[in-house]
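Trainee: This is the structure I have questions about; it appears just below.
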Amino acid sequence: MPYELSTAPPDGQGSLRGWLVDQFRQIAATLLEPMPRTVRFAKLNAAPAKLYDGLTAYADGVNWNPGAGQGVYTYYAGAWNKLG
(Lines give C-alpha, C1' and ligand atoms only; values in the text may rest on other atoms or scores of the structure.)
Protein backbone atom coordinates (compact mmCIF):
# COMPACT_ATOMS: atom_id res chain seq x y z
CA MET A 1 0.00 0.00 0.00
CA PRO A 2 1.61 3.30 -1.00
CA TYR A 3 1.81 6.06 1.58
CA GLU A 4 -0.64 8.91 1.16
CA LEU A 5 -0.49 11.96 3.40
CA SER A 6 -3.78 12.60 5.17
CA THR A 7 -5.04 16.04 6.12
CA ALA A 8 -3.75 17.26 9.46
CA PRO A 9 -6.35 18.10 12.07
CA PRO A 10 -7.27 21.80 12.19
CA ASP A 11 -5.79 23.88 15.02
CA GLY A 12 -7.56 23.17 18.28
CA GLN A 13 -9.38 20.11 16.90
CA GLY A 14 -8.00 16.64 17.30
CA SER A 15 -4.57 15.55 18.36
CA LEU A 16 -1.67 16.67 16.20
CA ARG A 17 0.53 14.22 18.11
CA GLY A 18 -1.83 11.34 17.31
CA TRP A 19 -1.96 12.36 13.67
CA LEU A 20 1.85 12.47 13.46
CA VAL A 21 2.19 9.06 15.10
CA ASP A 22 -0.28 7.63 12.58
CA GLN A 23 1.62 9.19 9.65
CA PHE A 24 4.93 7.76 10.87
CA ARG A 25 3.36 4.31 11.27
CA GLN A 26 2.05 4.45 7.71
CA ILE A 27 5.46 5.52 6.39
CA ALA A 28 7.18 2.70 8.29
CA ALA A 29 4.68 0.14 6.98
CA THR A 30 5.24 1.37 3.42
CA LEU A 31 9.02 1.11 3.76
CA LEU A 32 8.74 -2.46 5.07
CA GLU A 33 6.65 -3.65 2.11
CA PRO A 34 8.48 -5.83 -0.41
CA MET A 35 9.43 -4.15 -3.65
CA PRO A 36 6.91 -4.68 -6.45
CA ARG A 37 7.80 -7.32 -9.01
CA THR A 38 6.11 -5.53 -11.87
CA VAL A 39 5.82 -1.99 -13.18
CA ARG A 40 2.78 -0.63 -15.00
CA PHE A 41 3.22 2.32 -17.36
CA ALA A 42 0.36 4.58 -18.38
CA LYS A 43 0.05 4.76 -22.17
CA LEU A 44 1.06 8.27 -23.26
CA ASN A 45 -0.21 10.04 -26.37
CA ALA A 46 2.51 12.72 -26.27
CA ALA A 47 6.18 12.74 -25.37
CA PRO A 48 7.05 13.79 -21.81
CA ALA A 49 7.91 17.50 -21.58
CA LYS A 50 11.22 17.06 -19.74
CA LEU A 51 13.65 14.53 -21.15
CA TYR A 52 16.57 12.95 -19.31
CA ASP A 53 18.66 9.82 -19.78
CA GLY A 54 16.89 6.83 -18.27
CA LEU A 55 13.35 8.21 -18.68
CA THR A 56 11.07 5.30 -19.58
CA ALA A 57 7.58 5.71 -21.04
CA TYR A 58 4.89 3.77 -22.90
CA ALA A 59 4.03 5.36 -26.27
CA ASP A 60 0.59 4.82 -27.78
CA GLY A 61 2.17 4.56 -31.25
CA VAL A 62 -0.52 6.73 -32.87
CA ASN A 63 -0.41 10.27 -31.47
CA TRP A 64 3.10 9.74 -30.12
CA ASN A 65 5.31 7.39 -32.10
CA PRO A 66 8.97 7.70 -31.07
CA GLY A 67 10.03 5.56 -34.01
CA ALA A 68 8.88 1.94 -33.89
CA GLY A 69 5.18 2.14 -33.03
CA GLN A 70 3.42 1.36 -29.76
CA GLY A 71 5.60 0.15 -26.93
CA VAL A 72 7.90 0.94 -24.04
CA TYR A 73 10.81 3.27 -24.79
CA THR A 74 13.75 4.53 -22.77
CA TYR A 75 15.37 7.86 -23.54
CA TYR A 76 19.18 7.88 -23.65
CA ALA A 77 21.99 9.10 -25.91
CA GLY A 78 19.66 11.84 -27.21
CA ALA A 79 17.02 9.44 -28.61
CA TRP A 80 14.08 7.21 -27.68
CA ASN A 81 15.07 3.53 -27.79
CA LYS A 82 12.39 0.83 -27.88
CA LEU A 83 12.72 -1.93 -25.32
CA GLY A 84 12.30 -5.51 -26.40
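The values are calculated or read from the model by the stated rules, or taken from the named source; none is laboratory data. Remember, predicted model here, so these are calculated numbers, not experimental data. Cβ placement follows ideal geometry from the backbone for every residue including glycine, while neighbour counts extend to all protein chains displayed.
Trainee: Look at Y58 and say whether it is outside the structural domain of S6 (by TED's automatic domain parsing), loosely packed, with under 12 Cβ neighbours inside 10 Å and not hydrophobic (A, V, I, L, M, F, W, C).
Mentor: Taking the combined requirement at face value, the residue does not satisfy it.
Trainee: Among G54, G69, which is within 18 Å of the chain's Cα centre (by Cα) and modelled with pLDDT of 95 or more?
Mentor: G54
Trainee: Which members of the range 32-48 meet the condition of being of a type outside the set (S, T, Y), farther than 19 Å from G67 by Cβ and in a loop (DSSP other than H, G, I, E, B)?
Mentor: Hits for the range 32-48 are E33, P34, M35, P36, R37, V39, R40, A42.
Trainee: OK, next. Can you name the condition, by its number, that P66 falls short on among (1) loosely packed, with under 13 Cβ neighbours inside 10 Å; (2) part of a loop (DSSP other than H, G, I, E, B); (3) not β-branched (V, I, T)?
Mentor: Going through (1) loosely packed, with under 13 Cβ neighbours inside 10 Å; (2) part of a loop (DSSP other than H, G, I, E, B); (3) not β-branched (V, I, T) one by one, P66 breaks only (1).
Trainee: Among (1) touching a residue at least 12 places away in the same chain (Cβ under 8 Å); (2) surrounded by 11 or more Cβ atoms within 10 Å (Cβ to Cβ); (3) out of contact with any strand residue (DSSP E or B) (no Cβ under 9 Å at 6 or more places or on another chain); (4) in a loop (DSSP other than H, G, I, E, B), which single condition is Q26 missing?
Mentor: (4)
Trainee: OK, next. Between L31, L16, L5, which is farther than 16 Å from L83 by Cβ and over 23 Å from the mean Cα position of the chain (by Cα)?
Mentor: Step by step, each of L31, L16, L5 is checked, and only L16 is farther than 16 Å from L83 by Cβ and over 23 Å from the mean Cα position of the chain (by Cα).
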